[in-house]
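**Q** Please read through the structure below; I'll follow up with questions.
The values are calculated or read from the model by the stated rules, or taken from the named source; none is laboratory data. Since the model is a prediction, treat every value here as computed from it, not as a measurement. Cβ atoms come from the backbone with ideal geometry, glycine included; neighbour counts cover every protein chain shown.
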Ligand code: FAD
């Protein structure tokens with residue numbers, strides 16, 4: 001049994017595991033936990049309508065019980081009226097979205113979501129323009145947790161996400177840039193699984209929620225690579241936040257609540273200019289190591305396209321709350337990619353960086369989710385029996 005597996009430098013990054021754990025535990029986690037409760041960061045604008053571009057025949061969005069996608073009965077394709085589609089069982093056809101724990105609470109308090117500029121993100125598929133299809137969601141009322149979403153619909157999304165971003169060449173080799181995208185997604189997947197296990201419906205009748213250690217172990221902890229990818233993704237997003245420091249420091253956190261807005265500003269400064277973080281891990285990830293060489297620009301374009309497809313896949317997630325967090329976190333990753341690799345590619349200063357309000361919200365909420373996951377793994381890892389042989 002490997003008892004000392006997470007030591008040394010996180011692959012592809014510039015900090016070691018122990019430093020990440022201590023900086024996260026002492027500084028980042030407490031700051032982020034507070035930051036995401038502030039009005040500016042707790043409202044997210046999202047189009048929850050699931051117009052999946054890939055599987056128009058997917059029944060998930062057309063079933064009567066779906067809490068978002070309600071269509072008149074005459075619009076149901078004949079095949080969905082009879083739960084007998086090959087490959088999908090009756091359980092799958094019982095709309096996942098009908099489960100109360102999968103539905104999104106749309107209750108908002110009076111703090112309005114105020115838009116910023118509208119600007120494109122070349123890494124994502126979503127059009128963030130305000131329109132009638134957008135819903136404003138209070139993230140604090142909709143924690144990412146177990147929803148019951150599983151089966152072929154969920155599996156199909158993950159399969160497509162991995163096939164999309166990890167095409168192997170004939171020799172089975174994956175170039176570092178492609179591996180980098182795989183690691184980013186795998187790290188996000190680990191984090192989602194950890195949140196499901198950390199807040200699980202243990203007893204449906206008693207509505208008892210708690211930690212499911214077995215699930216955490218089976219989905220993540222027994223696969224050291226998945227844990228490593230989680231650290232990788234965390235450092236990548238952290239680097240994007242610190243790189244956008246000047247921009248975020250000057251950002252307008254106005255929600256009309258002076259006290260809370262000032263708190264947002266102050267917490268953001270504490271996060272960006274934290275002496276412990278700057279001392280221990282000044283460069284969490286070195287983006288300059290990517291897209292080098294002659295084929296660099298072409299590779300970057302290819303990966304950008306793949307990531308946009310992954311972003312589009314989020315419209316196919318057949319559970320409202322999972323779609324909300326899937327979209328938010330993919331937008332957060334897309335924002336990190338934009339900060340590190342767009343803005344005309346070579347621009348090292350943040351002179352031309354322009355972010356939408358929603359991108360900033362997604363970025364910081366994603367960092368908070370990853371930080372929570374790192375903390376779970378760090379605290380629970382040693383207490384869980386882990387066998388690595390044969391994995
Ligand atoms: P899955 O987690 O579906 O994994 C599928 C396969 O992917 C595994 O068999 C394995 O081969 C591979 N894999 C798993 N983890 C990793 C990793 N870290 N790195 C690389 N490969 C991996 N369910 C909820 O209850 N709440 C949610 O909020 C939620 N959000 C979701 C968001 C999205 C975008 C998607 C696609 C699904 C979401 N789900 C959610 C469903 C959840 O992720 C699982 O699909 C579900 O719990 C069924 O798990 P599973 O055992 O089939 O394995």
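Here's the yes/no breakdown for (1) part of a helix (DSSP H, G or I); (2) touching a residue at least 60 places away in the same chain (Cβ under 8 Å); (3) buried (at least 20 other Cβ atoms within 10 Å of the Cβ):
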site: 18; (1), (2), (3): yes, no, no
site: 23; (1), (2), (3): yes, yes, yes
site: 27; (1), (2), (3): yes, yes, no
site: 33; (1), (2), (3): yes, yes, no
site: 40; (1), (2), (3): yes, yes, yes
site: 44; (1), (2), (3): no, yes, yes
site: 53; (1), (2), (3): no, yes, no
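Here is a yes/no grid of residues against (1) within 30 Å of residue 152 (Cα to Cα); (2) touching a helix residue (DSSP H, G or I) at 6+ places or on another chain (Cβ under 7 Å); (3) at pLDDT below 90:
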site	(1), (2), (3)
281	no, yes, no
292	no, no, yes
311	yes, yes, no
325	yes, no, no
359	no, yes, no
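**Q** Consider residue 209 against the criteria (1) away from the ligand (no atom under 11 Å from the Cβ); (2) assigned to a helix (DSSP H, G or I); (3) surrounded by fewer than 18 Cβ atoms within 10 Å (Cβ to Cβ): it satisfies all of them except one. Which criterion is unmet?
**A** Status for residue 209: all satisfied but (2).
**Q** Now for a different question. Condition first: crowded, with 21+ Cβ neighbours inside 10 Å and either under 15 Å from residue 335 (Cα atoms) or at pLDDT below 95 (or both). Now tell me which residues in the stretch 265-278 satisfy that.
**A** Across the stretch 265-278, the qualifying residue is only 277.
**Q** Among the residues of the stretch 212-223, which ones are over 20 Å from the mean Cα position of the chain (by Cα), surrounded by 14 or more Cβ atoms within 10 Å (Cβ to Cβ) and within 13 Å of the ligand (Cβ to nearest atom)?
**A** 212, 217, 222
**Q** In the list 318, 334, which residue meets the criterion of being at pLDDT below 85 and either within 16 Å of residue 236 (Cβ to Cβ) or crowded, with 18+ Cβ neighbours inside 10 Å (or both)?
**A** Going through 318, 334 in turn, the sole match is 318.
**Q** Of the residues that make up the stretch 178-198, is at least one part of a loop (DSSP other than H, G, I, E, B) and surrounded by fewer than 21 Cβ atoms within 10 Å (Cβ to Cβ)?
**A** no
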